[in-house]
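One structure below.
Rule-based calculations on the coordinates, nothing more; no lab input. Note that the structure is a prediction, hence the values are computed from the model and not measured. Glycine gets a Cβ as well: all are built from the backbone with ideal geometry, and neighbour counts include every protein chain shown.
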Amino acid sequence: MSLETEPGTTTSSAVAAGAVETRPTVLVVDDDAINRELLRTCLKKEDYRVIEADDGLKALEVLAREQVDLVLLDVMMPGSTGSPPAPGSR
């Protein structure tokens, strides 16, 4: 599984390149690709690093391995209860 950070770049390849990221990181979690694209475009214009996940489980995987400053979460995704994906999420 890979999650998009920059178009055509995954989190693993970005880390493998050895680059140190200093921009604030936003995790966008939404099952609708158009919503993720809109948020990604707006956030990148403001120089945020954007990581995307299309469901809650993938979001939890990202949170386990990445330092994320903000999570934008669609609480109306299929299978979602409207509550945070895990009690330990911040």
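Okay, here's what the table says:
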quantity: Cα-projected label distance for Asp47 with Leu60, points at 7 Å along beta-carbon direction, nm; calculated: 3.6
quantity: Gained length - Gln67 relative to Leu38, 0.36 nm times residue gap less alpha-carbon distance; calculated: 8.2 nm
